[in-house]
Amino acid sequence: MKKPQIAADTRPWRDVDAKPFVRIANVTKTFGDVYAVDDVSLDIYKGELFCLLGGSGSGKSTLLRMLAGFETITSGTIEIDGQDMANVPPYERPVNMMFQSYALFPHMSVENNIAYGLKREGLPKGEIADRVAELLKLTRLENFKARKPHQLSGGQRQRVALARALAKRPKLLLLDEPLGALDKKLREDTQYELVKIQETLGVTFVVVTHDQEEAMSLATRIGVMTDGKIAQIGEPQEIYEFPNSRFVAGFVGSVNMFEGTVTEDEDDHIRIASQEAGCDIYVGHGVDCAPEQILWYAVRPEKMVLSRERPEGDANITHGFVQDVAYLGDMSVFRILLDSGKRVHVTQTNSSRYDPDAISWDEKVYISWASDAGAVLTS
């Protein structure tokens with residue numbers, strides 16, 4: 001999927017002189033003794049499609065509601081386009097919010113749902129008609145403008161809610177689980193629509209989701225949240241390939257995790273003895289660690305290679321028994337019980353339509369991976 005264009009040939013978050021469009025500084029929100037959001041700092045840049053990703057109770061929706069002004073801040077500051085939002089009520093913020101339920105008016109047509117906020121502002125009829133026509137075209141709803149919400153599909157209702165949220169030209173659009181009510185296939189199709197619309201308008205989007213695939217598909221950057229804090233901020237590839245903790249590695253995508261002890265610590269490599277892996281793990285770069293330190297090695301299933309014959313080498317090669325194979329069409333997932341007793345998952349792309357010699361259930365196999373395949377984690 002083509003990601004939104006932030007600016008010509010640049011990523012502002014990599015520029016130390018770039019000015020954030022949204023600045024969240026040391027923001028905390030408590031409900032009694034419970035910290036829903038705990039000392040969060042985050043910069044979001046103009047034109048971004050930023051995703052807050054986390055499980056239930058991680059604080060992501062509370063943070064979104066504070067941006068919208070629906071929740072007060074216990075401590076800290078939020079600035080939008082250089083303006084402190086401390087005393088700005090929701091209806092005066094340059095922000096609109098699209099809710100998970102869409103909250104469409106059931107008795108109104110698509111056209112009138114989109115026009116509702118513009119009519120409340122008392123804009124001239126001609127200006128309202130032009131803006132509604134523009135949004136109907138943008139969201140491909142021209143042929144559905146007279147229909148009521150119950151006469152639409154889930155994806156169409158989602159686009160009506162998006163058009164209505166964009167009608168007043170907000171500088172910042174907040175989307176709370178915008179695709180959560182859609183089935184898997186429709187959700188995938190709508191992700192493309194959402195990115196295309198965001199790219200066309202250049203409006204800054206902040207999306208809250210618990211769906212890692214959704215975040216990876218949509219976002220210019222992702223903020224992974226847990227227990228009211230941000231665990232890691234980064235571009236999707238950075239979050240996936242270079243997680244900074246066991247939590248992030250396990251939350252974003254499938255991962256195999258091995259605990260081990262450092263036995264060699266050199267500038268250009270380290271070696272980890274791992275009983276769980278059933279082999280030594282060789283990492284082809286230096287790591288900030290100490291001899292005999294306990295750490296964890298995370299390697300994605302698609303980075304591992306299965307074979308019946310033992311590959312050459314004295315590290316990154318383990319052995320196990322295929323307990324299960326799940327055929328998913330584009331790939332197969334192998335669940336393997338290692339000789340050490342640990343279970344791992346390995347995925348293989350199904351590049352041919354049928355392979356009679358493919359590894360299957362109840363086979364003994366070797367599993368290997370490259371020296372740069374995984375991430376070393378110290379927490």
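The values are calculated or read from the model by the stated rules, or taken from the named source; none is laboratory data. Just so it is clear, the structure is predicted and the values come from calculations on it, not from any experiment. Neighbour counts are summed over all protein chains in view; Cβ atoms, including those assigned to glycine, are modelled from backbone coordinates with ideal geometry. Keep in mind that these areas ignore ligands, DNA and RNA; they rest on the heavy atoms of the full protein, side chains included. Shrake-Rupley method; radii C 1.70, N 1.55, O 1.52, S 1.80 Å.
State the percentage of accessible surface on segment 296-342 attributable to carbon and sulfur atoms; use a 1.4 Å probe and exclude ligands, DNA and RNA. Write out the running numbers ahead of the final one.
Numbers: 1230 of 2380 Å².
It is 52 percent, rounded to a whole number.
Which entry is the computed Rg/Rh (Cα atoms, Kirkwood Rh) for this structure: (i) 1.05; (ii) 1.02; (iii) 0.97?
(i)
Kindly report, to the nearest 10 Å², the accessible surface of residue 285 as traced by a 1.4 Å probe over protein heavy atoms only.
Roll a 1.4 Å probe over it and residue 285 shows about 80 Å².
Using only the Cα atoms of segment 7-150, each taken as one equal point scatterer with no solvent, compute I(q) by the Debye sum, divide by I(0), and report log10 of the ratio at q = 0.11, 0.12, 0.18, 0.20 Å⁻¹.
-0.59, -0.69, -1.13, -1.20
How far is helix 154-166 tilted off the main Cα axis of the chain, in degrees rounded to 10, range 0 to 90?
On a 0 to 90 degree scale, this one is about 60.
Once the whole set of protein chains is in place, how much accessible area is left on residue 23, using a 1.4 Å probe, in Å² to the nearest 10?
Its accessible surface works out to 100 Å², give or take rounding.
Heavy atoms only, probe 1.4 angstrom, no DNA, RNA or ligands counted: give me 157, 140 ranked by accessible area, highest first.
Per-residue accessible area, sorted high to low, gives 140, 157.
Can you compute the label reach from residue 247? Point 7 Å from Cα along the Cβ direction, backbone N cut-off under 15 Å, restricted to segment 24-63.
35-41, 53-61
Among 236, 298, 118, whose Cα lies farthest out toward the positive end of the dipole of the chain, if unit charges sit on the beta carbon of Lys, Arg (+1) and Asp, Glu (-1)?
Positive-most Cα among the choices belongs to 118.
Accessible area per residue of segment 1-144 at 1.4 Å probe, in Å²? Let's see the in-between values first.
Values: 7760 Å² over 144 residues.
That works out to 54 Å² per residue.
What residue among 329, 368, 351 has its Cα farthest toward the positive end of the dipole of segment 255-377, where the charges are +1 on Lys, Arg and -1 on Asp, Glu, each on the Cβ?
329
Run the simple label-point estimate for residue 302 and residue 364 please: 7 Å along Cα→C-beta, distance reported in nm.
The two pseudo-label positions are separated by 3.2 nm.
How big is the charge dipole of the chain about its Cα centre, in debye rounded to the nearest 20, if each Lys and Arg gets +1 on its Cβ and each Asp and Glu gets -1 on its Cβ?
2560
Using only protein heavy atoms and a 1.4 Å probe, report how much of residue 254 is accessible, in Å² to the nearest 10.
60
Under a Cβ-only charge scheme (Lys and Arg +1, Asp and Glu -1), can you give me the dipole magnitude of segment 68-213 about the Cα centre, in debye to the nearest 20?
It comes to approximately 740 debye.
For segment 19-247, give the percent of accessible area contributed by carbon and sulfur heavy atoms, probe 1.4 Å, rounded to a whole number.
Taking all protein chains in place, segment 19-247 shows 48 percent carbon and sulfur surface.
With both partners inside the chain, how many of the DSSP beta bridges are antiparallel, as a percent to the nearest 5?
Taking every DSSP beta bridge within the chain, about 75 percent pair in antiparallel fashion.
Kindly flag which residue pairs out of 29/171; 137/196; 137/171; 171/229; 168/229 have an alpha-carbon separation exceeding 22 Å in this structure.
29/171; 171/229; 168/229
Which of 320, 74, 54 sits closest to the plus end of the dipole of the chain, meaning its Cα is farthest towards the positive end, when Lys and Arg get +1 and Asp and Glu get -1 on the C-beta?
Farthest towards the positive pole: 74.
Using +1 on the beta carbon of Lys and Arg, -1 on that of Asp and Glu, and nothing else charged, what's the dipole of segment 255-377 about the Cα centre, debye to 20?
With Lys and Arg at +1 and Asp and Glu at -1, about 620 debye.
If the cut-off is a Cα-Cα distance under 22 Å, which lysines reach residue 303, setting aside same-chain residues fewer than 8 apart in sequence?
List returned: 342, 364.
Could you do me a favour and compute the accessible area per residue for segment 255-377, 1.4 Å probe, result in Å²? Show your work: numbers first, answer last.
Working: 6680 Å² over 123 residues.
Accessible area per residue, segment 255-377: 54 Å².
How far is the Cα center of segment 191-241 from the Cα center of segment 281-353, in Å?
Between the Cα centres of segment 191-241 and segment 281-353 lies a distance of 28 Å.
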